Amino acid sequence: MLRATKLQGGGRRAFRALPAVELLVFAALVAAPFLLSERLDLITLITNMMILSIFAISFDMCWGFSGIMSFGQALFFGVSGYAIALVGRDLGFSAIWGVLPLAMATGLLLAALLAAFLLLGRKVPSVIFVAFGTLTGSYAAERLVSGWQYVGAGNGLSSIKLLQLGSFEFVEGFEFYTLAFLSLLAIYLVCRFIVRSQLGLVLAGIRQNEERLAFLGYRVQLFKAVIFSFAGMAAGLSGALYSYHQGFIGPANMGPSLSTTAVIYCLLGGAGTLIGPVIGTVAIEALSYGLSDIDAIRHFWPVILGLVLLVIVMFQPTGLLGLVVSNRERIGSYGARGRGRARV
Amino acid sequence: MANVVSVTFDIASFTSVMVLIVLGLGVIASMMGIFNFAHGEFVLLGAYTVYLSASAGLGLWFGIVAAPVVVGVLGLIMERLIIRRFYASPIIAMLGTYAIGLVIRETVRGLLGGHYESIPEPIGGAFSIGGVNFSIWRTIIIIATVAVLSGSWWMLAHTPIGLRIRGALENPMLARACGISTSRLYGLTFAFGSALAGLAGALIVPLYQLSADIGIRFLVQGFLSVMLGGVGTFSGPVLGAGGVGVMASGLPWLVPPVLADPLVFLIALVIVKIRPQGFIGAART
């Protein structure tokens, strides 16, 4: 039995903002294609946002829910993107039932290997070591790929074979929008289930007091490795969708700069909330889209990103969602209703 | 034989650059327990100071002398305003300093207009001993590194301020109880580390072209050096930098250059994984 048993009745039921926000965001995503049917550019933009949201959620699973500072989340994103691009180029294969699982398996396997090296072992690794390990992995991969002719070196791989369902080919537009939406919804629901299951309860314990959990007999590092691998799988799916959608994948898509963009998405929205990363991604990408027309600002876009990150870590660590969601709800939002009070 | 000597010289000069950069990083990491992600950008600022001084007609030497001062003061201001809030949590410090670095790097990139600027060596040319040519500027970098290292060692071992720094490193709580203001020491240490980065940037800019990414290429190697040597000591990071520097400049002679960098990272990570406390830390505990 994964789901925690429901407690009957019990006290006032406070207004819960988080489910409302979740519903609102997904309702907006459902409504968007109908409202914006004239604006193909905006549809494409929102598709991109949803794909990147999956990526941001994968980072949130690591940092927000299990305290693994994955500073190299783009590694799984990029490698999966390259994998499907190469399968398309060399094998001429891009059927959806084959390539998306392939991308997810690539991310999962890679993340599991990295987790086995960084997290498991006799000595408990420090948070800093894990952060640098992931960062270094992503940096090394970027350097390696940008010098490797077979995968297009610094130019990356472009004109990637279109994603196919039967004889139908996904191009930018409503069909891809639907695919991205369904993928986001699926990943979101799975993540939501995980963090509210008994496994999520263990993760909450790890966040609060790792040592105590270890003394209670939980193999903390193993739990972290499982979540890290799962997050790698989600990032892999996101990377594959991204490269199909853009028709391009380059070394920068697996480097530290995209990895830190995921950090910014997640922290801006609010880490540890699942819906926060989606909101953060939408906010950042919308801002970037809005400012891209102004020449003077476009060149300083990374400066703005840096300032956003600085302001968040200094003044608003709970992110945008922290403005509407109370701390108590944010931290205690796992398990069945009423359980939030059990944890202090 | 001549070949071996010149390769050794290359390795030595690159290793001194690494040591110079990592010294500041390691001092800050050991004292305050934070990894300064903006360190690469302090190196960049040092290099940029030299460029500004040269283009303002003040000359290269003025820039090289001014760089550590300018970057040190900037570091002090940053520590007082921002960094000191992060001491309690290393991960938040990582994110905060990364953000600062990003802002500095991209601002300089905007100011440079995306160009690469070459800075000439203040003393160009080479001298030769026994038929082997040695670049004068690289020799100066090696000498400067040795001078900075011995100066820092002397300051730590023989001055009152060094005594306080060592005290604050060993046991911050006890140091505070003895009336040593650790907060001021931390400010000073951060300024000192930044100044070292500025000096490093000023010295290496003639070797590499000035671009916004001049510091970032050393950053990952710098972090690995600090972890390899062990946080919490002053000599550890320097030893680590020596090790990583030798590997990073020596491996391209043995394996294809594309593979050299990732291989260095892998070796360093594996060593850190096996000995998380580093070279020196292992001996102490």
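Specify whether the C-alpha gyration tensor of region B:2-215 places it in the rounded, prolate or oblate class, a ≥ b ≥ c being the square roots of the eigenvalues: rounded for a/c under 1.5, otherwise prolate if a/b is larger than b/c and oblate if not. Oblate is the answer for region B:2-215, as a/c is 1.5 or above yet b/c matches or exceeds a/b. Near the amide H of A:Ser146, within less than 5 Å, lie no amide hydrogens of residues on another chain or at least 5 residues away, with H placed in the peptide plane.
Comparing B:Leu207, B:Val244, B:Phe223 along the charge dipole axis of chain B, the residue lying farthest to the positive side is B:Phe223, per the Cβ-charge model.
Arrange the following residues from fewest to most other Cβ atoms within 10 Å of their Cβ: A:Cys191, B:Cys178. List each step's numbers first, then the result.
Details: A:Cys191 23, B:Cys178 11.
Ranking A:Cys191, B:Cys178 by Cβ neighbours within 10 Å, fewest first, gives B:Cys178, A:Cys191.
Among B:Ile91, A:Ile160, a tally of other beta-carbon atoms within 10 Å of each Cβ gives an order, fewest to most, of B:Ile91, A:Ile160. Principal-axis analysis of the Cα atoms of chain A puts helix A:40-66 at an angle of about 40° to the longest axis.
Can you sort B:Met18, B:Met247 so the residue with the fewest Cβ neighbours within 10 Å comes first? Before the final figure, lay out each step's value.
On the way: B:Met18 27, B:Met247 24.
Lowest count first: B:Met247, B:Met18.
Annotation: amide H of B:Leu207 has no partner in the under-5 Å range at sequence separation 5 or more or interchain, hydrogens built in the peptide plane. Per the Debye formula on identical point scatterers at the alpha carbon atoms of region A:17-339, with no solvent, log10 I(q)/I(0) at q = 0.07, 0.11, 0.12 Å⁻¹ is -0.27, -0.68, -0.81. Helix A:256-269 and the long axis of chain A differ in direction by around 50°, with both axes built from C-alpha atoms.
Dividing the Cα radius of gyration of the protein assembly as shown by its Kirkwood radius returns 0.99 for Rg/Rh. Based on Cα contacts under 8 Å between residues 6+ apart, chain B shows a relative contact order of 34 percent. On a 0 to 90 degree scale, rounded to 10, what angle separates helix A:127-145 from the longest Cα axis of chain A? For A:127-145 against chain A, the angle is about 10 degrees.
Measuring r between the beta carbons of A:Phe168 and B:Ser55 and using R0 = 51 Å, the FRET efficiency lands at 0.30.
None of the figures in this text is laboratory data; all of them are computed from the coordinates on show. Because the structure is predicted, anything quoted here is derived from the model rather than measured. Don't worry about glycine lacking a Cβ; one is built from the backbone with ideal geometry, like all the others, and counts go over all protein chains shown.
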